[in-house]
Structures are given as structure tokens and as C-alpha cells.
Amino acid sequence: MKRFILLLLIFSQSVFANCWDRAAHYYHVDPYLLFAIAKVESGMNPYAVGWNHDGSRDVGLMQINSTHFSELQRKGIDEYRLIAEPCTSIMVGASILSSMIKFYGYNWEAVGAYNAGLKKENYQQRMIYAHKVWTKYQEIKPKTKNAY
């Protein structure tokens, strides 16, 4: 029984790792950057739910904000799936990051916009958030010259 559980854990980690790579490849973003965002957003807790001062909430591994729910509903993705299916949360998070990159270019302000949004007055919040992600990114990215 212990061997079965160990194999299941190893297999699930492998499948989970594939989610990062698949989302990163599809949306043309660095998988380590996605992982760093998840570390900052939820501490890698797929069941995380956060409430914001504006009444919105963030759910799942990538802390997808409720402002995206109506658009996601049209694509067949509901709040339950964002929490119960970490790979779905990763794909949606990668999609949001990709849209921020299209707006700002591939830079740290785009990463900051993942959390703080696009409003001009949120520049400082974008930069604070981007620095948090950058710090996590430095901890987890491969230590090679040719890494993303």
C-alpha cells in the first residue's frame, strides 16, 4: 500500500509539472515565471480563496480574480473548476499573464499587472508585486545561462 501511495504521489507530481510546461508553451511564457506567480499568489495552495477590499475574490492556485468569471463561464470554466482542477487554474493564469504581456510587452510591469491590473494609478502596486514575483523567480529558476 505504501508503494502504491508513493507511486501515486510521484505520478501526480509529474502530471502537475506537465501543466506548467503545457500552459507556458501554449501561451509563450516562462513556466518558472508561472510557478513563481503561483508561489506568491497562493503559496501553491490550489484551494486558496482570498477576499479583496473591493469585494472581488481570488480563487485557486493562480488566484484568478472574480472579475474574470463571466468571461470564463462562456468558456465553460466555473469557480469550482478553478479550485478543483489546478491545471485549469494554471492555464487560465497563463492566459491572463499572456494578455498582460500583450499590453505591456514581456517585462516586469506585465507581471505586476497580473495582480494589480492595468489602471495607470496602480503602477506602484504593479512594481511591488513584480518584485515579489522576481524574488521567487530567482529562487526557483534553473541556474544556467540558457534558462528562459
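Structure values in brief
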item: Residue in the range 101-108 that is free of Cβ contacts under 8 Å to residues at least 12 places away in the same chain, on the phi < 0 side of the Ramachandran plot and among the charged types (D, E, K, R) present; result: yes
item: Close pairs from the range 61-77: first of a type in the set (A, V, I, L, M, F, W, C), partner part of a loop (DSSP other than H, G, I, E, B), Cβ under 6 Å, at least 6 apart; result: LEU61/PRO46
item: Pairs with Cβ under 7 Å, 6+ apart, first in the range 13-37 and at pLDDT below 95, second surrounded by 12 or more Cβ atoms within 10 Å (Cβ to Cβ); result: PHE16/PRO86
item: Single condition VAL40 does not satisfy, out of (1) of a type in the set (A, V, I, L, M, F, W, C); (2) in a helix (DSSP H, G or I); (3) more than 17 Å from LYS141 (Cβ to Cβ); result: (3)
item: Every residue from the range 41-56 that is surrounded by fewer than 20 Cβ atoms within 10 Å (Cβ to Cβ) and within 17 Å of GLY112 (Cβ to Cβ); result: ASN52
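The values are calculated or read from the model by the stated rules, or taken from the named source; none is laboratory data. Just so it is clear, the model here is predicted, and its values are computed rather than measured. Ideal geometry is used to build each Cβ from the backbone, glycine not excepted, and the neighbour counts take in all protein chains shown.
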